[in-house]
Structures are given as structure tokens and as C-alpha cells.
Amino acid sequence: MDDEEFLPTIFAVLMALRVDPYQFPLKNRQLAGARAAALTYRAKSWRLVYDVDEYAGEIVVWAFGDHDKAYSSATRRRKER
């Protein structure tokens, strides 16, 4: 992202994940068990799709992008793992 105005929005989502990664809703079907943080920037809907790996104590980000592309990318990447 080259838009510096977008960075504070991304930073806010990352800080929210750090505080409580379980606050965002669980997904179902092909992304069952994953979670998605929503954000809106310039009237566009974005998603950060991730899993919480409790064993490793980390968050695995599968995709970040506009709504539909993020979900399709996350689905594909989770299948490839």
C-alpha cells in the first residue's frame, strides 16, 4: 500500500488483534475456524483473514485485501498448507 492514510487503519486492526484476537467473528464453511477483521477505507470493505494458533502462540494471517479477494485468497492458502 502506497497510501499513507491507510496505514493508521491497518495499525488499528493489528493492535486490536494483539489485545484480543478472539474479538473478531469466526468464519464457517471453507474457512471454518478462521476469523476475519473488517475495516472500511474510502467506502471500500477490506478483510484481514487469520487463524489463532494457540499452540505456537501466534496469529497466522492468510490474506488481507478487499472483501471478496481476501476470502478467496485465504481459502486457497489454507488448503495449500
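The values are calculated or read from the model by the stated rules, or taken from the named source; none is laboratory data. For clarity, every value in this text was computed on a predicted model and none was experimentally measured. Cβ sites come from the backbone with ideal geometry, for glycine too, and all protein chains shown count toward neighbours.
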Counting only residues that are in contact with a Ser or Thr (Cβ under 9 Å, 6 or more places away or on another chain) and modelled with pLDDT under 95, which one in region 45-67 is surrounded by the most Cβ atoms within 10 Å (Cβ to Cβ)? Trp46
Out of the residues in region 23-44 meeting the condition of being polar (S, T, N, Q) and over 18 Å from Thr75 (Cα atoms), tell me which one is modelled with the highest pLDDT. Gln23
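Condition check ((1) in contact (Cβ under 8 Å) with a residue 24 or more places away in the chain; (2) of a type in the set (Lys, Arg); (3) closer than 16 Å to Met15 by Cβ) across all residues:
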| site | (1), (2), (3) |
| --- | --- |
| Ala34 | yes, no, no |
| Tyr50 | yes, no, yes |
| Glu54 | no, no, no |
| Val61 | no, no, yes |
| Gly65 | no, no, no |
| Ala70 | yes, no, no |
Based on this model, can you work out whether Phe24 counts as touching a helix residue (DSSP H, G or I) at 6+ places or on another chain (Cβ under 7 Å), surrounded by 13 or more Cβ atoms within 10 Å (Cβ to Cβ) and aromatic (Phe, Trp, Tyr)? no
Any residue at all in region 2-13 that's touching a residue at least 24 places away in the same chain (Cβ under 8 Å), surrounded by 10 or more Cβ atoms within 10 Å (Cβ to Cβ) and outside any helix (DSSP H, G or I)? yes
